[in-house]
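Data block below; observations after.
The values are calculated or read from the model by the stated rules, or taken from the named source; none is laboratory data. Fair warning: this is a prediction, and the values are worked out from it, not measured in the lab. All Cβ positions, even for glycine, are placed from backbone atoms using ideal geometry, and neighbour counts span all protein chains on display. Surface accessibility is based on the protein's heavy atoms, side chains included, excluding ligands, DNA and RNA. Shrake-Rupley method; radii C 1.70, N 1.55, O 1.52, S 1.80 Å.
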Amino acid sequence: MLLHDVADRINTVADHLPLPDQVHPGPGLSEILDDEVRHLARLLGYLAGESAFRHRATDRYPHRVTPSQRRTALALAHAAEPAGAALAALGGAIQCLGILADLSHQGSNRASNRTVATVHQHLVDRLAESRAHLARAAKHLRTAADVRSIRPAPTPPTAATARTR
């Protein structure tokens, strides 16, 4: 349940990021990035904190930790890498947005128009990169949760086994 919940929260961040055809530099996009960077930073902090907490618990009480708890801790720790990469990509998007804001106050000519188009494409790429990292993190968590919840069904007794009992 925990892993699915964290995956849902990661997907929510990704869902709030604009798709490539929806990227319009300006204050609206700045606000979106501000909100989602904060949400993602909190999620990354949660992943780090939960991983540290579980690591300490395993160290202090090694005989109380179940394989399921170890797999959960590992899944949360693994999700931190793509979540951090997504956050870094959003940092790149913010940089692109700042450059575009600066370019909008300069004179327009062919060279600056090409620069604007190039930086806009970099902005779109950084947002897509962030979404891809978030999708990878969420998928990993869901896969780990689903594997953890699958238990082999008991094998039904065969006719020969039933007779010998």
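Here is a yes/no grid of residues against (1) among the small types (Gly, Ala, Ser); (2) touching a Leu at 6+ places or on another chain (Cβ under 6 Å); (3) not in a helix (DSSP H, G or I):
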| position | (1), (2), (3) |
| --- | --- |
| Ile10 | no, yes, no |
| Pro18 | no, no, yes |
| Asp21 | no, no, no |
| His24 | no, no, yes |
| Gly28 | yes, no, no |
| Glu31 | no, no, no |
| Asp34 | no, no, no |
| Ala52 | yes, no, no |
The residue from Ala57, Ala75 that alone is closer than 23 Å to His4 by Cα, surrounded by 14 or more Cβ atoms within 10 Å (Cβ to Cβ), over 24 Å from the mean Cα position of the chain (by Cα) and aliphatic (A, V, I, L, M) is Ala57
Go through (1) at pLDDT 95 or above; (2) under 22 Å from Pro25 (Cβ atoms); (3) in contact with a Ser or Thr (Cβ under 7 Å, 6 or more places away or on another chain); (4) not aromatic (Phe, Trp, Tyr) one by one and return the number of the condition Gly91 breaks.
(3)
Could we say that Ala88 is within 19 Å of Leu33 (Cα to Cα) and in contact (Cβ under 8 Å) with a residue 40 or more places away in the chain here?
no
Looking at region 60-72, which of its residues are exposed (fewer than 15 other Cβ atoms within 10 Å of the Cβ) and within 18 Å of the chain's Cα centre (by Cα)?
none
Evaluate the following for His140: is it open to solvent by 60 Å² or more (accessible area, probe 1.4 Å), modelled with pLDDT of 85 or more, in a helix (DSSP H, G or I) and farther than 30 Å from Asp5 by Cα?
no
Filter region 1-53 down to the residues that are among the β-branched types (Val, Ile, Thr), touching a Ser or Thr at 6+ places or on another chain (Cβ under 9 Å) and surrounded by fewer than 19 Cβ atoms within 10 Å (Cβ to Cβ) and list them by number.
none
Would you say Glu31 is touching a His at 6+ places or on another chain (Cβ under 7 Å), among the charged types (D, E, K, R) and without any contact (Cβ under 8 Å) to a residue 60 or more places away in the chain?
no
